[in-house]
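Asks: This is the structure I want to talk about, given as structure tokens.
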Amino acid sequence: MVWLAALTAVTAPPADARVPRFGHVFVVIGENTSYAQITPAHAPFLTGTVKPQGAWLTNDHSFVRSSSLGQYIAMVSGQFTKCEANNDLPDHCHQRVGNLFSQLSATGRSWRDWEESMANPCGPIDDGAAWARNIYSAHHNPALYFTQLQGGRVDEAIAPAAPCRDNDLPMGTTGPDDTSAFDQALRTGNLGNLNVVVPNDCADGHDPCGTRDRVRQFDDFLAQEIPRIEASPAFGSDGVIVITWDEGADPPQQPGHVLAAILGPLVRPGSTDATRHDHYGLERTLALGLGVAPLAHARTATAITTIWR
């Protein structure tokens, strides 16, 4: 009946309404790994534990016109600049645009950008070495690139702005693969409503650090940290873990095709989403789940809606 179809069209909830409200969110980011590389041989924790317990997004994409930094910025602001696409240093790429960090602060909530092997809070300088398993890359630290968080130009004689100094934090010391500060925060629940978790360039699979299996290096990090996140008193019944990668590996792999996997009590275990998504869609999903407005290109991106209970 025509009138029934019309009534259904009016009363049916929009797709965005299917994104539930999130409590504490953890976005864990790996490096330079394509979807096809996530196999049981290279990623036993992801394929054997995360996949059956969470959701598997099989058609997720990064932006082939950007290197790493632009991808990180897109996830938290729905846009990126040419400077960021080129992985330039934070001293050159500051922009005053909307971002999830500032939105949460404005609504009385908290955020953390956890950076493994960073020497000091809000550290703008690369450091570390592969042999020491403590490579920190400033261009994997999105909070550094927003003027309202970090301040103006980076200058060693000027302290960083309070939002960055207080919330852009090392995961531990600069010792090999040290996550002690993050792990302590998990035990006490002293976390942000949004937590961007960035392993060092060994643990995230960017560099081969004493192994020939970069994918397994990140999988090992996940096997260590995901159970600790789930055990945190802050995780509760509305915690969400998003595991994704900045971009895929170089050809012959597919640089633009990455995996996203999502875990938590709000997720239907073993669900699969084959809808085409990208980092703008992730920003939209995070914004909707955290109750703030999607930003820039994320306003028209496709949110992740089919995996929730």
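Asks: Can you work out the base-10 log of I(q)/I(0) for the chain at q = 0.08, 0.14, 0.16 1/Å, using the Debye formula on its C-alpha atoms alone?
Replies: -0.32, -1.03, -1.39
Asks: How many percent of DSSP beta bridges within the chain run antiparallel, rounded to 5?
Replies: So the antiparallel bridges amount to about 30 percent of the total.
Asks: With springs connecting C-alpha atoms under 10 Å apart, model the chain as a Gaussian network and identify which of SER34, SER117, SER237 has the largest mean-square fluctuation.
Replies: SER237
Asks: So what is the relative contact order for the chain, in percent, with contacts set as C-alpha pairs under 8 Å and at least six apart?
Replies: 34
Asks: Compute the length gained on full extension between ARG299 and GLN253: take 0.36 nm times their separation in residues and subtract their Cα-Cα distance, giving the result in nm to one decimal.
Replies: 13.6 nm
Asks: Where a ≥ b ≥ c are the square roots of the eigenvalues of the C-alpha gyration tensor, would you call region 161-277 rounded, which needs a/c under 1.5, or, failing that, prolate if a/b is larger than b/c, or oblate?
Replies: In terms of gyration-tensor shape, oblate.
Asks: Another question, then. Residues of region 132-148 with backbone nitrogen within less than 19 Å of a virtual label 7 Å along the Cα-to-Cβ line of SER180, please, listed as ranges.
Replies: 132-136
Asks: Then there's this: Which chymotrypsin sites (Phe, Trp or Tyr not before Pro) in region 77-139 sit in a loop by DSSP (not H, G, I, E or B) and have at most 15 other Cβ atoms within 10 Å of their own Cβ?
Replies: Hits after loop and neighbour filter: TRP131.
Asks: Are there trypsin sites (Lys or Arg not before Pro) in region 184-256 that DSSP puts in a loop and that have at most 15 other Cβ atoms within 10 Å, and which ones?
Replies: Filter output for region 184-256: ARG212.
Asks: Multiply the residue gap between THR211 and ASP88 by 0.36 nm, knock off their C-alpha separation, and tell me the result in nm, one decimal place. Numbers along the way, then the final one.
Replies: Working: separation 123, 0.36 × 123 = 44.28 nm, distance 2.83 nm.
My answer for the length gained is 41.4 nm.
Asks: Rounded to the nearest 0.05, what FRET efficiency do ALA161 and ARG276 have when you use their Cβ-Cβ distance and R0 = 45 Å?
Replies: 0.75
Asks: Kyte-Doolittle cut-off -0.5, length cut-off 15 Å along the helix's own axis using Cα: show which whole DSSP H helices in the chain pass.
Replies: Those that clear 15 Å and a mean of -0.5 are 279-290.
Asks: Here is a follow-up. If you average the sequence gap of Cα pairs under 8 Å that are 6 or more apart and divide by the length of region 1-143, what percent do you get for the contact order?
Replies: Computed over region 1-143, the figure is 16 percent.
A short reminder: the numbers here are calculations on the coordinates, not readings from a lab. This is a predicted model, so every value here is computed, not measured. So basically every Cβ, Gly included, is an ideal-geometry build from the backbone, and we count neighbours across all protein chains shown.
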